[in-house]
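S.K.: Below is a structure I'd like to ask you about.
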Amino acid sequence: MPVKPFILIPLFFLVIIANNYAQHDSGIRYRLDGQYGFIIPHAADLVEISQSNPVGISLGFDKISFVEKNWKNCHCFYYLGVNLSHFSYNNPEVLGSATALSGTFEPILWKFNKIQLNLRSSFGVAYLSRVYDTETNPSNTFFSSPISFLLAVSPTLQWHLRDDLALNLSFNYNHISNGGQKQPNRGMNFPMLGVGMSYLPKPISLPKYAREKPNGQRFLYLEAYGTLRGESTGDNRQPLLGVTFGGVQRIGSFQGLGAGFESQWDNSLLVGANQRNRLIHAPFLSHHFLFGRVDFGQRFGVYVQKPDIYEPDKLFYQRYTLSYLLKNAVRIGVALKAHGHVAENIEVRLGYQF
């Protein structure tokens, strides 16, 4: 059985934690949050099954380092952790529920007295209790694979009631799909408001370090990436391979702008004898949140070569990337490609920064 790329996501976060928290000068935090939201119907035929409000519960364990070396990576303190979530879509027969285990990265963006603003990103594996079936569940084209993945971004306002207890208020934008492993793969986007508590066994006091100008005002990178995608007429998975070349100009302590070009060969496309239709070429512009060795990027690409079987209005795409720079200038990561609200595939990436 082929190894699915998103199975490597937990290993990705283990590498980050191992590289950043070998020292003991750190603090821990436990989180419990409840969430309530709605489902975005990104196609007319999904409106009817989107008329329910999902509810969720989330348990988290996070660790924060106080070491100046780590702080200098991005001039910020940040939590790394794991998160266990359960979502009920309040439509048990069609949508069922989702249970997800994720790795999290959460920098502290702003802090004043007892209030702080954090930005948590989560990436992990989800189990779905109800998925698409041609006979028993044909209307649920959100999900077709029980094992899928979760990607979430959560701006969080944290108010410390006591040194060891804090109130959390968050906005969570969640996305679940199977990353192109099986069709249909339309994916689900469901924003949620969250309220919860954080418990800190040891009160956290953040030291003050002198802010310096970030190193590496600009950099170039070369990446190779790949995944296995299901064919449009079945479950048989075929390789997708690609290369990317790009550059980034830092425009502040946490942000950067970039551009690049990527080419890929998608063997899952049913193109008949015209093998050129498996080739896709696209230049792109990008925005980056740069937190030390972690780069959360958003790319907007325009097709200059695409398969004939793509819809005529499929001119653009987005790609969301999460990568980590190892000490030897090697970058590892994952990425999600989408057209609007519809996810196409998830990829594993290996690159070099110079």
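S.K.: Among K182, K111, K327, which one shows the biggest mean-square fluctuation in a GNM of the chain, springs joining Cα atoms closer than 10 Å?
M.R.: Residue with maximal mean-square fluctuation among K182, K111, K327: K327.
S.K.: Helix 9-20 versus the longest principal axis of the chain: what is the Cα-based angle in degrees, 0 to 90, to the nearest 10?
M.R.: Orientation of helix 9-20: about 30 degrees from the principal axis.
S.K.: Further question on the same structure: Select from Y199, Y310, Y127 the residue whose mean-square fluctuation is largest in a Gaussian network model of the chain (Cα-Cα springs shorter than 10 Å).
M.R.: Y310
S.K.: Aspartates and glutamates within cross-link reach of K306: Cα-Cα under 16 Å, excluding same-chain residues under 8 positions apart?
M.R.: E262, D266, E344
S.K.: Moving on to the next point. List T227, T104, T99 from most exposed to least, where exposure is judged by having the fewest other Cβ atoms within 10 Å. Walk me through the numbers on the way to the answer.
M.R.: Values: T227 28, T104 22, T99 14.
Ordered by Cβ neighbours within 10 Å, fewest first: T99, T104, T227.
S.K.: Taking 8 Å as the Cα distance limit and 6 or more residues as the minimum spacing, I'd like the relative contact order of segment 218-353 as a percentage. The partial results should precede the final answer.
M.R.: Values: 343 pairs, mean separation 27.9, N = 136.
Dividing the mean separation by the residue count of segment 218-353 yields 20 percent.
S.K.: Considering all alpha-carbon pairs of the chain, what whole percent are spaced by more than 28 angstrom? Walk me through the intermediate numbers first.
M.R.: Values: 28268 of 62481 pairs.
Pairs farther apart than 28 Å: 45 percent.
S.K.: Still on this model: Straight-line reach from K69: which lysines have a Cα under 24 Å away, not including same-chain ones fewer than 8 places off?
M.R.: Leaving aside lysines fewer than 8 places away in the same chain, those within reach of K69 are K111, K202, K208, K213, K327.
S.K.: Which of Y221, Y324, Y78 moves the most in a Gaussian network model of the chain with Cα springs under 10 Å?
M.R.: Y221
S.K.: Using square roots of five times the C-alpha gyration tensor eigenvalues, list the equivalent-ellipsoid semi-axes of segment 5-199 in whole Å, biggest first. Don't jump to the answer; show the numbers that get you there.
M.R.: Details: eigenvalues 221, 70, 30 Å².
Three semi-axes, in Å: 33, 19, 12.
S.K.: Of F87, V55, T156, which is farthest along the charge dipole of the chain in the positive direction, counting Lys and Arg as +1 and Asp and Glu as -1 at C-beta?
M.R.: Working it through, the farthest residue towards the positive pole turns out to be T156.
S.K.: May I ask you to derive the relative contact order of the chain, considering only C-alpha pairs under 8 Å and at least 6 residues apart, and to give it as an integer percent? List each step's numbers first, then the result.
M.R.: Numbers: 955 pairs, mean separation 47.5, N = 354.
Averaging sequence separation for qualifying contacts and normalising by length gives 13 percent for the chain.
S.K.: Where a Cα-Cα gap under 17 Å defines reach, which aspartates and glutamates qualify for K72, not counting those fewer than 8 residues away within the same chain?
M.R.: The reachable aspartates and glutamates, counting only those whose Cα sits under 17 Å from K72, are D25, E106, E212, D295.
S.K.: Could you tell me which residue out of H287, Q305, N267 lies farthest along the dipole of segment 248-320 toward its positive end? Charges go on the beta carbon: Lys and Arg +1, Asp and Glu -1, centred on the Cα centre.
M.R.: Among H287, Q305, N267, the one farthest towards the positive end of the dipole of segment 248-320 is H287.
Every number in this text was worked out from the coordinates using simple rules, so none of it is lab data. It should be emphasised that the depicted structure is a prediction, and the values quoted were computed from it without experimental measurement. In this analysis, Cβ positions are derived from the backbone assuming ideal geometry, glycine residues included, and neighbour counts consider all displayed protein chains.
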